[in-house]
1. Name, by its number, the condition in (1) modelled with pLDDT of 95 or more; (2) over 12 Å from the mean Cα position of the chain (by Cα) that does not hold for TYR127.
2. If you take the residues in the stretch 46-89 that are aliphatic (A, V, I, L, M) and not in a loop (DSSP other than H, G, I, E, B), which one is surrounded by the fewest Cβ atoms within 10 Å (Cβ to Cβ)?
3. Give me a count of the residues in the stretch 130-165 that are over 18 Å from ILE53 (Cβ atoms) and in a helix (DSSP H, G or I).
4. Would you mind finding the one in ALA364, ALA332, ALA298 that is within 21 Å of LEU69 (Cα to Cα), at pLDDT 95 or above and among the small types (Gly, Ala, Ser)?
5. Which one of the conditions (1) outside any loop (DSSP other than H, G, I, E, B); (2) basic (Lys, Arg); (3) more than 21 Å from the chain's Cα centre (by Cα) does ARG366 fail to meet, given that it meets all the rest?
6. Take the conditions basic (Lys, Arg) and surrounded by 20 or more Cβ atoms within 10 Å (Cβ to Cβ) and apply them to ARG340. Does it pass?
7. When the stretch 322-347 is examined, which residues are found to be closer than 19 Å to GLY269 by Cα and of a type in the set (Val, Ile, Thr)?
8. Quick one: what pairs do we get from the stretch 67-81, first residue in contact (Cβ under 8 Å) with a residue 40 or more places away in the chain, second surrounded by 12 or more Cβ atoms within 10 Å (Cβ to Cβ) and assigned to a helix (DSSP H, G or I), C-beta under 6 Å, 6+ apart or different chains?
Amino acid sequence: MLSIPGPKHRLCDGVSRRNFLRIGSLAMGGISLPQLLRAEAAAGIRGSHKAIIMVYMVGAPSHQDMYDLKMDAPSEIRGEFRPIKTSVPGIEICEHMPGMAKVMDKCVPLRSVHGSPNGAHDSFICYTGRAKRNEPPGGWPSIGSVVSKLKGPVNRAVPPFNGLAPNAGHPPYGSPGHPGFLGVGHAAFRPSGPAREDMVLQGVTLDRLDDRQKLLRSFDRFRRDADASGMMSGMDEIAEQALSVLTSSRLAAALDLSKEDPKVRARYGKGDPKKFGDGAPRNLEHFLMARRLVEAGARVVTLNFGRWDFHSDNFNGLKNTHLPMFDQGLSALIQDLHDRGLSDDVTVVAWGEFGRTPRINANAGRDHWPSVGGGLIAGGGLKMGQVIGATDRTGGKIADRPIHFGEVHATLYRNLGIHTETKLFDLAGRPQYVVAGHQPMPELI
């Protein structure tokens, strides 16, 4: 918890974000901007506000082994898993997801997701809803960065966009979503790792902090005025957010899981905080942390989970290392949001960048399959307890209702009160739609 000696008063009114800042001496050699936030941005939300928690299933899970089992297909296609009934009559999912089966009335499996351009591993399409091509100067921003730009923080002490994504051996696996042409001032704040220890003032009083903030501004003004690229402007926002974070205990408290009810912590479980191969951890406490961040004021939280790229030994990998943990964490999050009265305000999305091959390969694995994949959406006041989309008998082609990543993003933006035709300006000054060519999904509204 952040403890600061001195009178209580607000020091700044800026917004911004970034990993966490180390304040040793906030003078000319202290809160140095590069050090004061080599960070990444985010945005906030009120006690009951609209928010998104997006779970990136690193490396792309096999859709036909989770929500779209093909029991009528030949054995070399259907695999070894069996379906179980759920809380919604007629909807069946994998036997290794009993927790999700119980909360299926609060969910919608998406069985016909498409839009991946080439089957290359990258979280980009999950976080932007766009293929990584024909990008404007600066690149496409992720949904968290767009929301940070358009909505700002709910509470200045809590970044609007938070990314629970430790760095990974394959960099796209560790991405929380990039800010693109919106710049570093709207990048994801990443509270994982040692950065959490840097949210403490360590004996600096508010009066001294205020004096040093003024000194810092004077010292850096000439650089900011000379910068035509917008980078220093973004860093200025980051500095403001950093000071807001440091002068409030709100964010530190949200990240302190010891404050959570032990029974709730037990429901989520711990998982495994170590990285899985070159992917992400299977850290179940990140699901709980995401909920706490949303309650504290975050608008968008991204969460990277595991490494689902099973080109070999797919079924052992799923049932022994991934599905049980994922099932526990995601089902606990969905039920917890419902129990707390947050399910109408918080939308949860869990998906990977593409699907897996219908035919099981010689190594008992499934390879990349960009033609169709799957996912799941829950909450947000949307129409739950249904399935949208369908694939053919083998799970290899879309048979009904194609769902583009961009349609899901359009639906998420709508839930946050952002119209799909809203425009933002790229680094060349050209207007760009937040979502191009897609509208919210009518089945969910």
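The values are calculated or read from the model by the stated rules, or taken from the named source; none is laboratory data. Source: prediction; values computed, not measured. Positions of Cβ are generated from backbone atoms using ideal geometry, with glycine treated the same way; all protein chains shown enter the neighbour counts.
1. Against the list (1) modelled with pLDDT of 95 or more; (2) over 12 Å from the mean Cα position of the chain (by Cα), TYR127 comes up short only on (2).
2. ILE84
3. 2
4. Exactly one of ALA364, ALA332, ALA298 is within 21 Å of LEU69 (Cα to Cα), at pLDDT 95 or above and among the small types (Gly, Ala, Ser), namely ALA364.
5. Only one criterion in (1) outside any loop (DSSP other than H, G, I, E, B); (2) basic (Lys, Arg); (3) more than 21 Å from the chain's Cα centre (by Cα) is unmet by ARG366, namely (1).
6. no
7. The one that is closer than 19 Å to GLY269 by Cα and of a type in the set (Val, Ile, Thr): ILE334.
8. The qualifying pairs are LYS70/GLN64; LYS70/ARG78; GLY79/ASP65; GLU80/PHE315; PHE81/ASP65.
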